[in-house]
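Everything on this sheet refers to the single structure shown next.
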Amino acid sequence: MRGDGGAERPTASRYGALTRSELAVLVPELLLIGQLIDRSGMAWCIGAYGREGMQEVAIEEWMAASPIYTRRMQRALGYEGDDVVTIFKGLQLDIGAPPQFMDFRYTVHDARRGEFHLDHCGALMDVEPMGPDFVRGMCHDIEDPTFDATAVATNPRAQVRPVHRPPRVPADRMPHCAWTVTIDPAFAPVSESEGCTALRSSRAALTSLAAIDPTDAGLGDYSGPLLADLDFAAFSHSALVRIADEVCLQMHLLNLGFRRAVGRRSSPAEADTIATRQLVGIAGVAAERIRAALDLPGDVSGALRVLELHPLLNPAAYVDATVADALEVRPSAAHEDGAWISLCGPGAVAPLQAAVRGVDPCLDVEVSGTGATWTARVVRRDEPAPVADEVAVTRISTGAGFRFAPRQSLPITPV
């Protein structure tokens, strides 16, 4: 989109029509939905590649995506830096660490030294019943390279190292884990992964979003002190819109990293099947959470509103779609990347069905069109559809039913 002067102007966000209070509720929901992508996808990777192969996919996807989206959020909210505080702020706005579900508690000693521990780790609660090998795979094999990959976006000489971590001994040990973060010029710098380098040229990584309006009431950035818990209601409407769009891009980037990792291990047809099953699972659970969080009606109008707000179709600058009496989709940057929307359309209705049935199991979609240009109409059937296997698998996560609680936002000062 271009302004009167011919300069490129970012596409208006679909989240702009929400109120500030609605956005303050939705943003943590989007962060949690992003965390649940792996609960949806990794079950199918275990089936295809075994436990160790699944771990490799998880490592590759997070190492590819997190340095890119971490830097994007730093720039968007004006807290760029090379210190521990900058790393911790990034974690608070990362789909890998949704608030409360992954309950990070931070300590800052100085600009180069800090600590964090998790009073509650939802991911551990999901994996612990699967046994110590799966716990060790997540908390050791996956965390070691991916924590450093996240930190490299702030400082390549940052190291995240465990004080203790699961498997828990004793079995009820609290906190669930504890880590130190140290920045030292003597440390060998961490390099970004091959997947990250490849992902930097994606349309998702390069998507331009509207700048935050500094005159809007409320916080327009996160340049102040590190807060123990972010009070999203304190941010301005403009800032919350930008955060919501950035969080959706985090999900797309993670999914593109996932698709690349899966594509390296499977035939194109097999990779599309795994990617579609991942999308069906997260589409259904995301729709359930969005509808409940915003108290939307369980009818056709509510389903269309959920679709309009669903990460599948956001941000608007990345996915070209219109939602009115029906969903209309057109070719876009997301199609060029092979993002989620490329797995939907005529003959590929399962993800859309999962999304509308997350609002009401009697709802369905009728899709017409060709290629990347199609229309989906939401209709009501007489009988409820059974829950898709992919949605049922994703619901196993404790995150599917997680509820956020009010928190007081307090500044953290060096100790």
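The values are calculated or read from the model by the stated rules, or taken from the named source; none is laboratory data. None of the values given here were measured: they were computed from a predicted structure. Glycine also receives a Cβ, built like all others from the backbone with ideal geometry; neighbour counts cover every protein chain displayed.
So that you can scan it fast, the table gives a plain yes or no per residue for (1) out of contact with any His (no Cβ under 7 Å at 6 or more places or on another chain); (2) within 23 Å of Met174 (Cα to Cα); (3) of a type outside the set (Val, Ile, Thr):
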| position | (1), (2), (3) |
| --- | --- |
| Glu60 | yes, no, yes |
| Arg71 | yes, no, yes |
| Glu80 | yes, no, yes |
| Val84 | yes, no, no |
| Ile87 | yes, no, no |
| Gly90 | yes, no, yes |
| Leu118 | no, yes, yes |
| Pro129 | yes, yes, yes |
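Within region 198-214, is even one residue over 21 Å from His335 (Cα atoms) and among the basic types (Lys, Arg)? Scanning region 198-214, I find no residue that is over 21 Å from His335 (Cα atoms) and among the basic types (Lys, Arg), so the answer is no.
What do you reckon, is Leu249 of a type in the set (A, V, I, L, M) and in contact with a strand residue (DSSP E or B) (Cβ under 9 Å, 6 or more places away or on another chain)? Spelling it out, it is not the case that Leu249 is of a type in the set (A, V, I, L, M) and in contact with a strand residue (DSSP E or B) (Cβ under 9 Å, 6 or more places away or on another chain).
Could you identify the single residue in Pro214, Pro189, Pro185 that is in the same structural domain as Thr107 (by TED's automatic domain parsing), touching a Gly at 6+ places or on another chain (Cβ under 6 Å), surrounded by fewer than 17 Cβ atoms within 10 Å (Cβ to Cβ) and without any contact (Cβ under 8 Å) to a residue 60 or more places away in the chain?
Numbers: Pro189 fails: touching a Gly at 6+ places or on another chain (Cβ under 6 Å); Pro185 fails: touching a Gly at 6+ places or on another chain (Cβ under 6 Å).
None of the others qualify; the one that does is Pro214.
No other residue among Val387, Val356, Val393 is of a type in the set (A, V, I, L, M), outside the structural domain of Tyr106 (by TED's automatic domain parsing), part of a helix (DSSP H, G or I) and out of contact with any strand residue (DSSP E or B) (no Cβ under 6 Å at 6 or more places or on another chain) apart from Val393.
Pick out the one residue from Val285, Val367, Val349, Val387 that is buried (at least 20 other Cβ atoms within 10 Å of the Cβ) and farther than 17 Å from Arg14 by Cβ. Reasoning before the result, please.
On the way: Val367 fails: buried (at least 20 other Cβ atoms within 10 Å of the Cβ); Val349 fails: buried (at least 20 other Cβ atoms within 10 Å of the Cβ); Val387 fails: buried (at least 20 other Cβ atoms within 10 Å of the Cβ).
It is Val285.
Looking only at region 39-59, count how many residues are among the hydroxyl-bearing types (Ser, Thr, Tyr) and within 20 Å of Ala286 (Cα to Cα). Going through region 39-59 one residue at a time, the tally reaches 1. Quick one: is Ile33 of a type in the set (A, V, I, L, M), assigned by TED's automatic domain parsing to the domain that holds Ile212 and assigned to a loop (DSSP other than H, G, I, E, B)? So Ile33 does not fit the description; no.
Out of Glu52, Glu60, Glu29, report the one residue that is over 23 Å from Ala261 (Cβ atoms) and acidic (Asp, Glu).
Values: Glu52 fails: over 23 Å from Ala261 (Cβ atoms); Glu60 fails: over 23 Å from Ala261 (Cβ atoms).
Sole residue among the options that is over 23 Å from Ala261 (Cβ atoms) and acidic (Asp, Glu): Glu29.
Going by what's in this entry, would Gly371 be described as more than 30 Å from Ala228 (Cβ to Cβ) and at pLDDT below 95? In short, yes. Out of Asp83, Asp133, one residue alone is in the same structural domain as Pro162 (by TED's automatic domain parsing) and within 28 Å of Thr398 (Cβ to Cβ). It is Asp133.
Go over the candidates Arg39, Arg75, Arg71 one by one and state the one that is of a type in the set (Lys, Arg), assigned to a helix (DSSP H, G or I) and modelled with pLDDT under 95. None of the other options fit; the residue is Arg39.
Can you pull out the residues in region 141-165 that are within 19 Å of Val127 (Cβ to Cβ) and either buried (at least 20 other Cβ atoms within 10 Å of the Cβ) or at pLDDT below 95 (or both)? Full working, then the answer.
Applying the first criterion (within 19 Å of Val127 (Cβ to Cβ)) to region 141-165 yields 141-147, 162, 164-165.
Listed by number, the residues that qualify are Asp141, Ile142, Glu143, Asp144, Pro145, Thr146, Phe147, Arg165.
Do we find that Gly338 is of a type outside the set (Ser, Thr, Tyr) and modelled with pLDDT under 95 in this structure? No, not satisfied. Residues of region 294-326 that are part of a loop (DSSP other than H, G, I, E, B) and among the β-branched types (Val, Ile, Thr): Val319 alone.
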